[in-house]
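Have a look at the structure below, then the notes.
The values are calculated or read from the model by the stated rules, or taken from the named source; none is laboratory data. Values in this document were obtained by computation on a predicted structure and should not be read as measured data. As a convention, Cβ positions derive from the backbone with ideal geometry for all residues, glycine included, and neighbour counts pool all protein chains shown. Heads up: the accessible areas ignore ligands, DNA and RNA and are worked out on the full protein's heavy atoms, side chains in. Shrake-Rupley method; radii C 1.70, N 1.55, O 1.52, S 1.80 Å.
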Amino acid sequence: MNTPLVEFVGAGPGAEDLITLRGLRALEQADLVVYAGSLVNPGHLKRCKPDCECRDSAAMNLGEQVAAMSEAALAGKRVVRLHTGDPAMYGAINEQIRALAEKGIASRIVPGVSSVFGAAAALGCELTCPDVSQSVVLTRTPGRTPMPKGENAAAFARTGATLVFFLSTGKIDDLMTALMGEGGLSPDTPAAVVYRATWPDERILRGTVSDIARKVEEAGFGRQALIFVGRALDAQGGASRL
Ligand code: SAH
């Protein structure tokens, strides 16, 4: 018998054709798919076999997810855990991998297109521009998960790197205030917010660190959005964007 296995597959940022071929193949062969219903495009599930069981993880706690996946994997079934974007970014996969390992189940990760790259494509810009920024910080504001000491937005801002904030639109006002205050960014530093990148209802707001919070509040964006900050955002020198 093959070693029991769970494949953690990155579904990509939203659009159905932004999953990898490897991820698609895993979905097509799966007997059980546990997917993040609020974030993953349900269209991906159309690729599963008719008898594949698809379960929304939103209705399950960690113990229930691990129980469902391990039972199926130990019965010789093919199991896919479908995550939004790339599983390595805020995917909370470590706790699942550890709990599966305790039951003798191996894990394999299939990378996906993170929303940061779906959103950068929507913005039509490079996040690393010579003479402007050669580093990108992927971070967040604290929520239920506190930030480790030393990892704060203002400190990152002072490096001059392009900043990308996940999970943070609810706190954008305080965040921009911190970036301009302790972070030392000038009020005209470019900022952009991409809502539901690569989905049909994708929206983009552009502005500066001093006005983007107001624009986001007026637009009423939900949580599925990323905040970009830095000079790289307007460094392409007016090159045309579609
Ligand atoms: N693993 C995912 C991130 C999960 S955390 C990835 O690699 O993209 C969830 C956060 O990701 C959301 O709060 C939002 O900040 C961001 N996000 C996920 N999908 C998005 C999308 N299509 N457009 C913009 N932001 C998105």
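Some observations on this one:
- Largest-first ordering by accessible area, 1.4 Å probe, given options Val80, Val137: Val137, Val80
- The Cys residues in the chain with no partner Cys Cβ within less than 4.7 Å of their Cβ are Cys54, Cys125, Cys129.
- Per residue, in Å², the accessible surface of segment 58-186 once ligands and nucleic acids are set aside, probe 1.4 Å: 51
- Count of Lys pairs (Cα-Cα under 24 Å; at least 8 positions apart or interchain) in the chain: 5
- Taking all protein chains as they are arranged and a probe of 1.4 Å, the heavy atoms of Tyr35 leave approximately 40 Å² accessible to solvent.
- Computed on protein heavy atoms with a 1.4 Å probe, the accessible areas place Met89, Met69 in the order Met89, Met69, largest first.
- Principal-axis analysis of the Cα atoms of the chain puts helix 62-74 at an angle of about 40° to the longest axis.
- If you take the Cα centroid of segment 88-165 and the Cα centroid of segment 56-70, the two points sit 24 Å apart.
- Cα-based Rg / Dmax (Å) for the chain: 19.6, 62
- Three-way shape call for segment 21-160 based on the alpha-carbon gyration tensor, with the a/c threshold at 1.5: prolate
- The calculated FRET efficiency for the pair Glu64 and Asn94, based on their C-beta separation and a Förster distance of 22 Å, comes to about 0.80.
- GNM top mover of Glu126, Glu53, Glu218 - the chain, alpha-carbon springs below 10 Å: Glu218
- Using heavy atoms of the protein chains and a probe of 1.4 Å, the accessible area assigned to Cys52 is about 20 Å².
- Just the protein heavy atoms count here, and of the accessible area of segment 67-224 at 1.4 Å, carbon and sulfur take up 52 percent.
- Distance between the 7 Å Cα→Cβ label points at Arg22 and Ile204: 3.0 nm.
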